[in-house]
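Notes follow the structure.
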Amino acid sequence: MTFKIALIGCGGMGRRHAHGYIELRKYFDTVEMAAVCDVHHDVAATVAAEIGEATGSTPDIYTDFDEMLGDADLDGIAIVTSTPMHHRFAIKAMEAGLHVITEKPMGLTLKACRQMREVSKKTGMVLAVAENYRRDPMNRLTRALIEAGAIGTPYFALDIGVGSSDGAVMHSTVWRAKKEQAGGAPLDAGVHNADMLIYLLGGVDSVFAEIAINESQRRLRPMNEVAPVLAEMYNHRREDGYDTGDIVEQTAVDTAFAVIRFKSGAIGQLIMTDTSHGQSLGVSTVSGSSGTMYRPRSRSGESPRIVRGDGTEIMGDALLDLVPGFELDDTLSTLWNGARHISSYDMDFRDIDSKILAYEYLDMVQAAESGRQPEVGPQEGMDALALAYALMESGVSKTPVTVEDVAEGRVSEFQDEVDDEMGI
Ligand SMILES: NC(=O)c1ccc[n+]([C@@H]2O[C@H](COP(=O)([O-])OP(=O)(O)OC[C@H]3O[C@@H](n4cnc5c(N)ncnc54)[C@H](O)[C@@H]3O)[C@@H](O)[C@H]2O)c1
């Protein structure tokens, strides 16, 4: 059977999804991109044409989600709009009997996520989250090594993402500057860090954080100046009402410093800011009773590295001796050209990105067909977002918060304003 899917939101990430689908079709013919939808017809048409050229079959183009839902013959949808629409479209689609994969963050707020979780449970439709970092084979290996005790008992993790946008709007997308649209680097990008910390170290109990908006006046600069690696993916997108050079008011938090207590007892430090002028610092380590794991940048293909107390380093294929049972699952292995037991790989970023997206689609389709949960479903999607929002909630309340209280809505002061403004 062919699983017919529609892509909703054809901006920068939507185009990356299209490339993921094109990659998927090189190996599997079980999924068909039957429709694409964006409020901007030309933006949707660019993506539809790219798919048509690569696969020989051009998806139908829609500019209205409801019209598409009533009209198109579909089994599922992929939601890649800006974040405020994720819950609205997911809920409508599941109620119409369609399976859903939505980009991260799963929803605008935890309240939106709880509504999505409820509808998925009620309808039995799959609700998958396109969280990509953990699917990187090197993050699979890192987790296997930690689980196998390669660094002993984990004591603490450092996750420090300190850089500068030089006063520009993140990713040249105005919605990312807005609190009510789930913007800001600590939330929009931090949800990846949150998912990876949980993926590697298990659930989080509590968080204490300080937050700030250091730069409330930002300039909308061209994407090739702001994020050159992604610029090609974003050159067709439009955001009405804004022009390059405009000053944009940033209402989203741009800086968060947090201390985390994992349920295991391990401690974590998560620092995210894009206001560190003249300093760029990326630290991603997990230290345990017999060494420190240096995590490679996600989607770099580089090997993880373990350093022991006596300075001995283990990396590359020597790591595989510590996890003889480690191997990529069948789908990931197929996409990675048959690789199974690998400690690094050499691939262009765009190819890696596309292969991971192809994997996410296949995981969602396999979940729909087998009745199992997707790898990142409502639980995992909410765990990561609750951790990212826990930084915001602790920051406004000036007290430690538990992630569970944030997930279940018992702590929501920061998000209440977002929910009110967006009418949920
Ligand atoms: N997983 C990742 O690494 C990653 C990377 C980038 C973005 N994202 C996520 O993907 C989503 C999209 O981000 P982006 O960078 O592509 O933003 P974007 O602004 O470039 O694209 C969003 C698109 O959605 C369209 N859209 C908005 N409202 C719509 C509606 N009601 N109906 C149809 N189309 C609508 C817009 O016209 C735009 O083309 C966000 O949730 C973001 O967090 C994930």
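Overview of results
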{"read-out": "Normalised contact order of the chain, rounded percent, pairs of Cα under 8 Å and 6 or more residues apart", "value": "21 percent"}
{"read-out": "Å² per residue, accessible surface of the chain at 1.4 Å", "value": "39 Å²"}
{"read-out": "Probe 1.4 Å - accessible area at Met347, Å² to nearest ten", "value": "40 Å²"}
{"read-out": "Portion, in percent, of the accessible area of the chain that falls on carbon or sulfur, probe 1.4 Å", "value": "46 percent"}
{"read-out": "Amide N of region 168-196 lying under 17 Å from the label point, which is placed 7 angstrom from the Cα of Glu249 along Cα→Cβ", "value": "169, 174-184"}
{"read-out": "Rg(Cα) / (2.2 N^0.38 Å) computed for region 265-424, rounded to two decimals", "value": "1.31"}
{"read-out": "Cα extents of region 236-322 along the three principal axes, largest first (Å)", "value": "56, 32, 28"}
{"read-out": "Chain lengthening between Asp405 and Asp348 when straightened (0.36 nm per residue, less Cα-Cα)", "value": "16.4 nm"}
{"read-out": "Where labels lie 7 Å past Cα in the beta-carbon direction, separation of Asp416 and Glu232 in nm", "value": "4.8 nm"}
{"read-out": "Burial order of peptide ranges 370-377, 79-86 (average beta-carbon count within 10 Å, highest first)", "value": "79-86, 370-377"}
{"read-out": "Point-to-point label distance, Ser164-Phe28, nm (Cα→Cβ direction, 7 Å offset)", "value": "4.4 nm"}
{"read-out": "Sorted peptide list for 222-235, 256-269, criterion being average Cβ within 10 angstrom, highest first", "value": "256-269, 222-235"}
{"read-out": "Intensity falloff of the chain expressed as log10 I(q)/I(0), Debye formula with alpha-carbon point scatterers, at q = 0.06, 0.07 Å⁻¹", "value": "-0.23, -0.32"}
{"read-out": "The chain - mean residue ellipticity at 222 nm from DSSP helices (-39,500 (n - 2.57) per run, n ≥ 4, rounded to 500)", "value": "-11500 deg cm²/dmol"}
{"read-out": "Residue-by-residue Karplus 3J(HN,Hα) for region 386-395, coefficients 6.51, -1.76, 1.60, Hz, glycine and proline x", "value": "5, 5, 5, 6, 4, 4, 5, 5, 5, x"}
{"read-out": "Segments 122-132, 145-155, 311-321, 355-365 sorted - mean Cβ within 10 Å per residue, highest first", "value": "355-365, 122-132, 145-155, 311-321"}
{"read-out": "Radius 13 Å from Cβ of Lys178, net charge of other residues (Lys, Arg +1; Asp, Glu -1)", "value": "-4"}
{"read-out": "Stokes-Einstein D for region 134-344, Kirkwood Rh over Cα pairs, 20 °C, 1.002 mPa s (µm²/s)", "value": "114 µm²/s"}
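The values are calculated or read from the model by the stated rules, or taken from the named source; none is laboratory data. If you're wondering where the values come from, they're calculated on a predicted model, not measured in any experiment. Counting neighbours? That spans all protein chains shown, and the Cβs are built from the backbone with ideal geometry, glycine included. Calculation scope for accessible area: heavy atoms of the full protein, side chains included, ligands and nucleic acids excluded. Shrake-Rupley method; radii C 1.70, N 1.55, O 1.52, S 1.80 Å.
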